[in-house]
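The values are calculated or read from the model by the stated rules, or taken from the named source; none is laboratory data. Quick caveat: nothing in here was measured; it's all calculated off a predicted structure. Ideal geometry is used to build each Cβ from the backbone, glycine not excepted, and the neighbour counts take in all protein chains shown.
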Amino acid sequence: MRRLVFFLGLLIGACAPMAPESVSRAAGPATVAPEVSPPLASRFGAPSPLPPQAGNAQIARDILDLAFSLESGRALPVFSRFEGPVTLRVAGTAPTSLAPDLDRLLRRLREEAGIHITEVKRGEANITLVPVPREKIRKQLPQAACFVIPGVSSWSEYRRAQNAGEASWTEVRERETAAVFLPSDAAPQEIRDCLHEEIAQALGPLNDLYRLGESVFNDDNVHTVLSGYDMLVLRAFYDPALRSGMARAEVAAALPAILARLNPAGQDVPDRRLAPTPRAWVEAIQTTLGTSEPLPRRRAAAEQALRLARAEGWTDHRLGFTHFALGRLLVSDEPAQAETQFRAALRIFSTLPDARLHEAYAVAQLAALALRTGRPEEALALTAPQEAVARRHENAALLASLMTLRAEALDGLGRSAEAAALRLDSLGWARYGFGPDWDGGAQVRRRAALDPVQGS
């Protein structure tokens, strides 16, 4: 599907524009974790997504834009979904971490989105999960970690359909089959993130929108598990008042009543009326976050994106994200200017109702810079509230990074025993989030910008 940035390790990555008909999740730096034991789902506790913060008028506009366009900008002529119960199966040999994460996701889809979806162990299914080596995926879509294709159930069927020019979402009037191709040799969290995003897109929205602050359907890659907002969107997608084949105007006419029934609290939320995101800003951000251009070109693109964001008059997370992206490029050579950008991002995120996870990422960067410049007390104070945010959003990679930053700060304050205990506690999260090659402090120093980041 979408996604331009993973923060802090797998969390900092970039992507170029996807192939026109692809619905994919952008890849981050390679982390390999064929085995992780025990699964960490139970350690996160029961899912506790925040309710949608946007008003129903905004959500209705979002659903229309999510349902009637592809990521490439190409329009979809009709609304489509699966009609009736949905079956899903896993083809071939899956990583051991996949089963518990899939069970947790399917249970959430049934309970929170009201979708009748079940896993079958054999035979045909509406959605087939196909684990394949990462390299195989990247040969087809170099910047994608995973993707979903309509009308196929295997890699060989996908290749035949691709060669025949038949693997197109624009031709779908009612969804019957789809295949999700995900990496078999990635870190467990990356596989989990692919499950959430690609199964959600197989079921519902095929587009991504930068204006969404609390959604996996956003190219900034901040949210990696389905949020309360996302579950509401999917519940609306499968409401009995909608059906496959409806035109945009028909769906638009039905949505106000649907959302009033499903989300009565959203009726009284003021409409923020977030403006569409100009293509020029998207292209500038893609250049900023990409790896194909030299650093001066990327920095110029980041500065251009910031000018465009200010010219648009934005005060939402897109402006904060622009400051964040520019700060990332300045970390190695101009840490003081980078800190200015991260603080600007944090000021914006902290004022928004739907940007707690964005805020945590900005804080992590500021804490890393504080450690780099000999301010361990500040790093400790900054990170203290953020572990709870990472846990609530089930982000083990971010949680491990925050814990290791805190351990570095404790070491700097001479509290070595506490630091050692915290590092030990972080290992399970790190191995789930980054893979078994995680090496503690050295990794987080690089990933959190204490050392120059490679390819960020």
Check your understanding: In the stretch 257-270, which residues are surrounded by 12 or more Cβ atoms within 10 Å (Cβ to Cβ) and in contact (Cβ under 8 Å) with a residue 40 or more places away in the chain?
Key -> Leu259, Ala260, Asn263, Gly266, Gln267, Val269
Check your understanding: Can you tell me which of Leu319, Leu352 is out of contact with any Cys (no Cβ under 8 Å at 6 or more places or on another chain), of a type in the set (A, V, I, L, M, F, W, C), on the phi < 0 side of the Ramachandran plot and assigned to a helix (DSSP H, G or I)?
Key -> Leu319
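Here's the yes/no breakdown for (1) in a loop (DSSP other than H, G, I, E, B); (2) more than 30 Å from Leu427 (Cβ to Cβ):
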{"residue": "Ala145", "(1), (2)": "no, no"}
{"residue": "Ala161", "(1), (2)": "no, yes"}
{"residue": "Ala167", "(1), (2)": "yes, yes"}
{"residue": "Gln189", "(1), (2)": "no, no"}
{"residue": "Leu195", "(1), (2)": "no, no"}
{"residue": "Ala202", "(1), (2)": "no, yes"}
{"residue": "Leu206", "(1), (2)": "yes, yes"}
Review point. For the stretch 20-72, what are the residues that are part of a strand (DSSP E or B) and at pLDDT 90 or above?
Key: Ser69
Practice item. With the checklist (1) at pLDDT 95 or above; (2) assigned to a helix (DSSP H, G or I); (3) closer than 27 Å to His196 by Cβ in hand, flag the one item Pro256 doesn't pass. Key: (3)
Check your understanding: Of everything in the stretch 274-305 that's over 17 Å from Asn221 (Cα atoms) and among the hydrophobic types (A, V, I, L, M, F, W, C), which residue is surrounded by the most Cβ atoms within 10 Å (Cβ to Cβ)?
Key -> Ala305
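Just checking, which of Thr340, Thr288, Thr277 is in contact with a Leu (Cβ under 8 Å, 6 or more places away or on another chain), outside any loop (DSSP other than H, G, I, E, B) and not hydrophobic (A, V, I, L, M, F, W, C)? Break it down stepwise before answering.
Details: Thr340 fails: in contact with a Leu (Cβ under 8 Å, 6 or more places away or on another chain); Thr277 fails: outside any loop (DSSP other than H, G, I, E, B).
Exactly one of Thr340, Thr288, Thr277 is in contact with a Leu (Cβ under 8 Å, 6 or more places away or on another chain), outside any loop (DSSP other than H, G, I, E, B) and not hydrophobic (A, V, I, L, M, F, W, C), namely Thr288.
Is it the case, given these coordinates, that Gly313 is modelled with pLDDT of 95 or more and in a loop (DSSP other than H, G, I, E, B)? Steps first, answer last, please.
Details: modelled with pLDDT of 95 or more: yes; in a loop (DSSP other than H, G, I, E, B): yes.
So Gly313 passes the test.
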Check your understanding: Which members of the stretch 146-181 meet the condition of being farther than 21 Å from Ser69 by Cα and within 23 Å of the chain's Cα centre (by Cα)?
Key -> Phe181
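Name the residue, out of Val152, Val130, that is free of Cβ contacts under 8 Å to residues at least 40 places away in the same chain, surrounded by 19 or more Cβ atoms within 10 Å (Cβ to Cβ), of a type outside the set (D, E, K, R) and more than 17 Å from Phe237 (Cα to Cα).
On the way: Val130 fails: free of Cβ contacts under 8 Å to residues at least 40 places away in the same chain.
Of Val152, Val130, the one residue that is free of Cβ contacts under 8 Å to residues at least 40 places away in the same chain, surrounded by 19 or more Cβ atoms within 10 Å (Cβ to Cβ), of a type outside the set (D, E, K, R) and more than 17 Å from Phe237 (Cα to Cα) is Val152.
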**Study point:** Criterion violated by Ala91 - all others in (1) of a type in the set (A, V, I, L, M, F, W, C); (2) more than 18 Å from Phe181 (Cβ to Cβ); (3) modelled with pLDDT of 95 or more satisfied
**Key:** (2)
Check your understanding: Is it the case that some residue within the stretch 267-275 is under 24 Å from Pro77 (Cα atoms), in contact with a helix residue (DSSP H, G or I) (Cβ under 7 Å, 6 or more places away or on another chain) and at pLDDT 95 or above?
Key -> no
Revision key, fill the gap. Across (1) part of a loop (DSSP other than H, G, I, E, B); (2) assigned by TED's automatic domain parsing to the domain that holds Ala57, Arg261 clears everything bar (1)
Exercise for review: Looking only at the stretch 221-241, decide whether some residue is in contact (Cβ under 8 Å) with a residue 24 or more places away in the chain, part of a loop (DSSP other than H, G, I, E, B), of a type in the set (Lys, Arg) and more than 18 Å from Arg391 (Cα to Cα).
Suggested key: no
